[in-house]
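Data first, discussion second: the structure below is written as structure tokens.
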Amino acid sequence: MAHPTARPGRHAPRTISDARADPHTGDLFEATPHALQPPAPEPVKSLHRGTNAELIREVARLVIADGDLVADCTWNRGVFWRKTPLGRFTLVGSDLDIAMITTAEARHRVPTLPGVQVPRPHFLVADFTALPYRLQSLDVVVLDPPYTHTGDAFDHEWYGNLSANQGMTHQDILREHYCRAMLEAAKVLKPQGQLLVKGKDEIEHGHQRWSHHEIPQAAARCGFTQVDLFPFESLAGPGLFPRTQRGRQRQAQKNHSYLFHFTLTAPPLPLTRGRPRKGSPRTTLNGDRGKAYLQAKLLWQHPQVYARYMAGELDSVYAAAREAGLVKTR
Ligand SMILES: C[S@@+](CC[C@H](N)C(=O)[O-])C[C@H]1O[C@@H](n2cnc3c(N)ncnc32)[C@H](O)[C@@H]1O
């Protein structure tokens, strides 16, 4: 039967929601198959202004696939995940601070009806430099270490900066937090796994410290390739470093941070004993003493020295190997 308002010569739409109105006449006409498709989601953009929760919600659409196993290794208050639907992947939150994890567990313990499954994260207390996961078991690792060598009461109280970074220089933070955590991520991520790292440039004693340059460089030394960079201006919290400068202002206050997206492209080769098959890329303890061998051996047996190499304190893998006593100094 023809729809009362259908245009002559056209089929009547099945339901009113199948119909579209002519913008000029207001007449309804049947929707084309194209129009019946759900609207395409908004593309994810690189530059974000807003809250961390909104930033992660957008980036998660791009980076986290359905069914992924995701570990946020610096959970704190879990602000990152407050706007991301948690139904399509498994999230594990960990932090070194027991109080944070106890609070998180209490917050997410919601009573449910029998048989009703509410997606919620799993929690554990863990150090991001020694993660308690099986090797090559995770799809995504998220790191947001305390990144300022100084800070005000807000950073200290909210982000645990004082307990984590007390007495540390910018270089210390890069080495002890970023490098060692990325080193660990390279072990527990599956090949081609995704790594999201939050960081911020700093000013230290009047000098620029370009984390946006240092972090990708360190990640590359650990086998990661940079996929994307999301500059971010926080519209919540203070978000400015340094907040006060004595005398004339020399450098711009930093009102932006970065979220880096890396993928594990060259996982460090596991060391195995015995001769590799002909043509095998496997490194052996008895094999040659090339760069790949030294890198793998440092990574697994001398992670602290390797972190120093990644942070640029030791300028080559051979210098790191000498430091660790793997090769003799002449
Ligand atoms: C900047 S906050 C993370 C904020 C978090 N992304 C959020 O959305 O709320 C940094 C967190 O890293 C934790 N942390 C510091 N050192 C750590 C370590 N070695 N291992 C694990 N977590 C650590 C601190 O306890 C703090 O909770």
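All of the numbers you see were taken from the coordinates with simple rules; none came from a lab. What you see is a predicted model, and the numbers here were worked out from it, not measured in a lab. So basically every Cβ, Gly included, is an ideal-geometry build from the backbone, and we count neighbours across all protein chains shown.
Data table
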item: Distance between modelled label sites at Arg61 and Val44, nm, 7 Å Cα→Cβ extension; result: 1.0 nm
item: Listed residue pairs exceeding 22 Å between alpha carbons, taken from Lys187/Lys291; Lys200/Lys291; Lys45/Lys200; Lys83/Lys198; Lys297/Lys328; Lys187/Lys254; result: Lys200/Lys291; Lys187/Lys254
item: Difference of contour (0.36 nm per residue) and Cα-Cα distance, Arg77 to Asp97; result: 6.1 nm
item: His122-Arg107 pseudo-label distance in nm [points 7 Å out on the Cα-to-Cβ vector]; result: 2.1 nm
item: Simple label model, 7 Å out from Cα along Cβ direction - His207 to Asp228, nm; result: 3.4 nm
